[in-house]
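J.: Just dropping this structure here.
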Amino acid sequence: MHGYRGLTGRRGPGYGERLLFSIALVVVSLLWITQDMAAWATATCAVGAAGGAVGVCYFGWRYIRSRENSH
């Protein structure tokens, strides 16, 4: 059943959901950075925050562009 898309009929999360996930990744990573942890854990949180920020920029831009094209 290759054509089965689940109950929602959608292929996957849209740009709006991906934008929210990226924002959540930034927030959680920045909150964990404030804790006293090992250096590798702090570095992992910094990478997560940076990756989330890139995701916010990219998916935010794609979300805005998709909303402009729908009108």
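Here, each number is a calculation from the coordinates, and none is a lab measurement. For clarity, every value in this text was computed on a predicted model and none was experimentally measured.
J.: Report, to one decimal in Å, the Kirkwood hydrodynamic radius for the stretch 15-69 based on all distinct Cα pairs.
T.: Details: mean 1/r = 0.0860 Å⁻¹.
It works out to 11.6 Å.
J.: At a threshold of 8 angstrom on Cα-Cα distance, excluding pairs fewer than six apart, so keeping six or more, what relative contact order does the stretch 15-69 reach in percent?
T.: Details: 45 pairs, mean separation 28.9, N = 55.
Once normalised by length, the contact order is 53 percent.
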